[in-house]
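What follows is a short report on a single structure.
Computed from the coordinates by the stated procedures, all read-outs in this text should not be read as laboratory data. This is a predicted model, so every value here is computed, not measured. Glycine gets a Cβ as well: all are built from the backbone with ideal geometry, and neighbour counts include every protein chain shown.
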Amino acid sequence: MAFLADILSRVQPSATIAVSQKARELKAQGRDVISLGAGEPDFDTPDNIKKAAKDAIDRGETKYTPVAGIIELREAIAAKFERENGLTYSSNQIIVGTGGKQILFNAFMATLNPGDEVIIPRPYWVSYPDMVLLCQGEPRFVETTLDTEFKLTAEALEAAITPKTKWFIFNSPSNPSGAAYSRDELKALTDVLLRHPHVWILTDDMYEHLVYGDFEFCTPAQVEPELYDRTLTMNGLSKAYAMTGWRLGYAGGPLELINAMNLVQGQQTSGTSSITQWAAVEALNGPQDFIAIRRKAFEERRDLVVSMLNQASGIECPKPDGAFYVFPSCEQLIGKSTSSGKVIETDEDFVTALLEEEGVAVVHGSAFGLGPNFRISYAESIEQLTESCQRIQRFCATLK
Ligand code: PLP
């Protein structure tokens with residue numbers, strides 16, 4: 001439509017939302033559908049956090065807040081960065097936004113000129129490329145493979161950097177693969193970045209607390225303090241604190257960048273919801289023990305799903321160290337036919353047939369830039385996960 005902005009032709013609607021929509025439609029028709037498509041915990045927000053929000057309403061904390069967030073919250077975030085990541089940010093180096101999404105958007109809006117390149121490892125979280133495109137930048141994708149469990153190598157990063165590179169997006173643990181970088185693996189990447197002082201690092205640490213076994217989370221500016229002056233460390237409450245609907249994300253970074261992001265946000269939403277911000281103060285300053293309990297539950301689910309998927313014929317599923325996703329390959333099933341005669345030519349065909357025949361909704365890997373794979377979100381009960389993996393096993397066994 002001529003009325004719409006040209007830039008919209010560069011972006012696509014989210015594939016993960018499309019899958020959830022299709023699953024909802026089938027459910028409405030009375031089909032028995034299990035949806036493993038959504039990227040949110042099945043757990044509820046802890047009660048102390050809910051209470052802090054109710055108290056804030058009762059106290060009348062219902063007015064506009066500073067654009068960057070209330071000082072109490074920015075101080076709680078600074079304390080969190082110090083305590084958990086060994087990073088020192090003053091409260092004016094911190095911005096609070098309406099979800100991690102807005103933080104990313106602010107950063108791109110504030111820094112990208114037409115033609116600036118942003119390095120994005122594949123598979124990627126669906127929104128990165130479209131946000132970059134909306135802000136007139138150019139996504140530059142770098143491949144990872146199943147052999148390295150979808151982790152970027154230093155060589156691949158080095159080869160992707162050009163004089164036009166502005167940002168490198170780093171996401172560990174990753175959505176969609178669950179891949180998490182050890183300190184040594186991350187150090188190999190930060191060594192490359194040290195040699196290219198014009199490249200800034202945007203680290204999306206959203207799944208920081210969801211790591212399993214004895215895996216230890218680390219973030220770029222912690223592993224390589226020399227990168228502190230060109231790193232934006234982004235995080236949020238959606239996943240570990242089960243607060244997806246509250247909409248709160250934050251970042252720490254160099255003052256000039258944070259000021260520029262505040263300028264963007266000040267003309268857009270201003271400060272995020274005052275009530276959410278007071279809930280966030282409690283989330284960060286209050287008891288943290290529920291995180292370890294939920295982490296244990298996620299770990300059990302991961303182990304179950306990985307084991308059951310690897311028993312499905314034609315599926316290969318690495319065991320990732322973090323997040324609540326697995327990203328198995330269905331390459332061996334490409335070219336086979338379903339019992340109703342449909343040929344599986346792509347991973348999208350695979351997930352469509354799986355949904356139609358067995359009522360399990362998952363997202364095709366190519367939506368995240370890498371296939372033939374699919375993403376399962378295991379933020380579901382053990383019963384539902386067992387049932388869906390049994391259905392996947394049955395579906396794979398019928399492919400000829
Ligand atoms: N980054 C990653 C890797 C994500 O998976 C998500 C949510 O799915 C976000 C950022 C955005 O989170 P929110 O906007 O809910 O804070």
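Which number do you get for Rg(Cα) / (2.2 N^0.38 Å) in segment 79-140? Don't skip to the end; give the middle numbers.
Numbers: Rg = 13.9 Å, N = 62, 2.2 N^0.38 = 10.6 Å.
Rounded to two decimals, the normalised Rg is 1.32.
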**Asked** How large is the charge dipole for segment 264-363, taken about the Cα centre, if only the Cβ atoms of Lys, Arg (+1) and Asp, Glu (-1) carry charge, to the nearest 20 debye?
**Response** 360 debye
**Fill in**
Residue-ordered couplings for segment 216-231, obtained by feeding phi - 60° into the Karplus form 6.51 cos²θ - 1.76 cosθ + 1.60 and rounding to whole Hz (Gly and Pro as x), are 10, 5, 9, 10, x, 5, 7, 6, 9, x, 5, 8, 3, 6, 9, 10
**Message:** At 0.36 nm per residue, and after removing the present C-alpha to C-alpha distance, how many nm does the segment from residue 331 to residue 296 gain when stretched out fully?
**Reply:** 9.5 nm
**Message:** Quick check: the angle from helix 274-285's long axis to the longest principal axis of the chain, C-alpha only, nearest 10 degrees?
**Reply:** 80 degrees
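Taking 23 Å as the cut-off for C-alpha to C-alpha distance, list the pairs among 63/239; 22/342; 27/239 that go past it.
From the list (63/239; 22/342; 27/239), the Cα-Cα distance tops 23 Å for 63/239; 27/239.
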**Request:** Tell me the label-point distance for the pair residue 32, residue 92, using the 7 Å Cα-to-Cβ offset, in nm and rounded to one decimal.
**Result:** 6.2 nm
**Prompt:** What are the residues whose amide H is under 5 Å from the amide H of residue 165, where those residues sit 5 or more places off or on another chain and H is modelled from the backbone?
**Reply:** 117
**Request:** Provide the descending list of Cα extents for segment 217-270 along its principal axes, expressed in whole angstroms.
**Result:** 35, 29, 8
**Asked** Once phi is turned into ³J(HN,Hα) by the Karplus curve 6.51 cos²θ - 1.76 cosθ + 1.60 with θ = phi - 60°, what whole-Hz value does each residue of segment 257-263 show in order, with x for glycine and proline?
**Response** 5, 4, 4, 5, 5, 5, 4
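The chain: percent of C-alpha pairs farther apart than 41 Å?
Numbers: 10781 of 79800 pairs.
Distances greater than 41 Å cover 14 percent of the Cα pairs.
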**Message:** Per-residue counts of other Cβ atoms within 10 Å, averaged by peptide: what ranking do you get for 337-350, 269-282, highest first?
**Reply:** 269-282, 337-350
**Asked** R0 = 35 Å: FRET efficiency of residue 113 with residue 397, Cβ-based, nearest 0.05?
**Response** 0.10
**Prompt:** When the chain is modelled as a GNM with alpha-carbon springs shorter than 10 Å, which of 69, 115, 369 fluctuates the most?
**Reply:** 115
**Request:** For residue 43 paired with residue 148, estimate the spin-label separation in nm (one decimal), with each label point 7 Å from Cα along the Cα-to-Cβ line.
**Result:** 3.2 nm
**Prompt:** So what J values fall out for segment 366-375 if you push phi through Karplus, 6.51 cos²θ - 1.76 cosθ + 1.60 with θ = phi - 60°, rounded to Hz, Gly and Pro as x?
**Reply:** 5, 5, 9, x, 8, x, x, 9, 8, 10
**Asked** Once both axes come from the Cα atoms, what is the angle between helix 47-59 and the longest principal axis of the chain, in degrees from 0 to 90, rounded to 10?
**Response** 40 degrees
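What 222 nm value per residue comes from the helices of the chain, counting each DSSP H run with n ≥ 4 as -39,500 (n - 2.57) and dividing by all residues, nearest 500 deg cm²/dmol?
Working: 13 runs with 161 residues, N = 400.
Mean residue ellipticity, 222 nm, calculated: -12500 deg cm²/dmol.
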**Where Rh is the Kirkwood radius over Cα pairs, Rg/Rh for segment 44-190** = 1.03
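Just to confirm a number: summing +1 for Lys and Arg and -1 for Asp and Glu over residues other than residue 377 whose beta-carbon lies under 12 angstrom from that of residue 377, what do you get? Before the final figure, lay out each step's value.
Working: positive: 239, 301, 302, 375; negative: 40, 42, 380.
In short, +1.
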**Request:** Choose one answer from 85, 235, 373: the residue with the largest mean-square fluctuation in a GNM of the chain with alpha-carbon springs under 10 Å.
**Result:** 85
**Prompt:** What angle, in degrees between 0 and 90 and rounded to the nearest 10, separates the Cα long axis of helix 347-358 from the longest principal axis of the Cα atoms of the chain?
**Reply:** 70 degrees
**Item:** Estimated distance in nm for a label pair at residue 136 and residue 164, the labels positioned 7 Å out from Cα along Cα-to-Cβ
**Value:** 1.4 nm
**Cα Rg, Dmax (largest Cα-Cα span) when computed across segment 357-400, Å** = 11.5, 31
**Request:** Quick one: which residues, 5 or more positions from residue 201 or on another chain, have an amide H under 5 Å from its amide H? H modelled 1.01 Å from N in the peptide plane, none for Pro or chain starts.
**Result:** 168, 231, 232
**Fill in**
The FRET efficiency for residue 289 and residue 345, from their Cβ-Cβ distance with R0 = 45 Å and rounded to 0.05, is 0.40
**Prompt:** Can you give the relative contact order of the chain as a percent, counting alpha carbon pairs under 8 Å and 6+ residues apart?
**Reply:** 22 percent
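Ranked from highest to lowest mean number of other Cβ atoms within 10 Å per residue, what is the order of the peptides 127-135, 167-175, 212-220?
167-175, 127-135, 212-220
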**Asked** Based on the Cα atoms of segment 334-388, what semi-axes does the equivalent ellipsoid have, where each is the square root of 5 times one gyration tensor eigenvalue, given in whole Å with the largest first?
**Response** 21, 16, 7
